[in-house]
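Worksheet: one structure, shown below.
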Amino acid sequence: MKINKLNNKELEVWLSLARTIGPIKFFSILRTHGSLDEVLKYLNRVANNKVYGIQDAREEINNAERIGAKIIPACDPDYPDLLRNISSCPPVITALGDISLLSREIIAIIGGRNSSMNGRNFANKLALDLSEAGFVIVSGLAKGIDTAANSVIYKNHPTIAVTASGIDAVYPKENFDLYKKITGNGGLVITELPFATKPKPQYFPQRNRIISGLSLGVAVIEASKRSGSLITADFALNQGREVFAVSGFPLDSRCSGSNYLIKNGAKLIESADDIIESIRFSLPPQQKNLFDVEHHSVNQKQEKLQQAKSVIVDHINSVPVDIDELILASGLSTNIALMALLELELENKIERSPGNKISLIF
């Protein structure tokens, strides 16, 4: 991909294509057609009610500019290099705040929403210590651990929040003040979703790949076995990032996922120094796949993921089915099934319905 600034017309075409199809198909179509002029011809040929038109793109750009946000395509020099180099990177991100933070050394701190006071205090201290060491903290602006991590902004340290909603749609609502503090005091909020988009369950795992993609390493605090934080950890591993975790009491279900990560190769951390030493002063340790007992190469992992996607597609049709029932019927492990579902969503092969259901798109 050639790195260059787009003019307004080119950005409208880029955004139109990005909003019409998923990130995996986006770059394939871009390569196939070779130029944005040819992409525009393609969009005009396939024009239907599912196409996000040039006028829609122009309106989104205007809305972003109106609140001081910037839409950054993946070819733009301001787009973060680490994120650009992951598979299925977002074709565009919308950023509100100090975009220079995207070029800094970034560490993710994530964990459960239903966290303990000790967990939140540790997350906040870890974030402060890492910030004072020169890192920028990224998290998801969610309740619990994420809020504690992003709250370093109250100590005048910049932070990045990646949201599962449009740049103007604050979620959860109780973090509105934190959102305003971040965007107005040297921090940054980013999203890959269109303006005014409300959060939906499927947007959160998609957001998680961005959190890990921006980061040199991911620290997990108080995550349960079914937590989205474990999906983020798997993204991080596949992206070549380091995975850290804080151990917890064995009988506390809020820590079962974090403890599981440590048992399967994540680095145990007790302070910021453990992360700093690992990131800055040593080569990344080889970590086995956090969701398999045996170590698999990237190719083997991708093959397993492709097989899981095929199994899921074979089990569904146009009638929505419950995700938990689907996973049970498929015989797949929960984590590999959720990863496969995310990829199928990004490829626009399935869609979600209310009630935790999915269906096949024909």
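Since every read-out is calculated from the coordinates, none of them should be taken as a lab result. Everything quoted here is computed from the prediction, not taken from an experiment. Here Cβ is always computed from backbone atoms with ideal geometry, including for glycine, and neighbour counts include all displayed protein chains.
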For the stretch 97-106, check the following and say yes or no: at least one residue is exposed (fewer than 15 other Cβ atoms within 10 Å of the Cβ), outside any helix (DSSP H, G or I), at positive phi and of a type in the set (Gly, Ala, Ser).
no
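Please return the ranges of helices (runs of 4 or more DSSP H) entirely within the stretch 1-84 where 3 or more residues are free of Cβ contacts under 8 Å to residues at least 12 places away in the same chain, closer than 30 Å to VAL138 by Cα and small (Gly, Ala, Ser).
Details: elements: 8-20, 23-33, 36-45, 54-66, 81-84.
Per the criteria, no element qualifies.
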Note on the stretch 51-103: residues of a type in the set (Phe, Trp, Tyr) and more than 21 Å from ILE160 (Cβ to Cβ) are TYR52
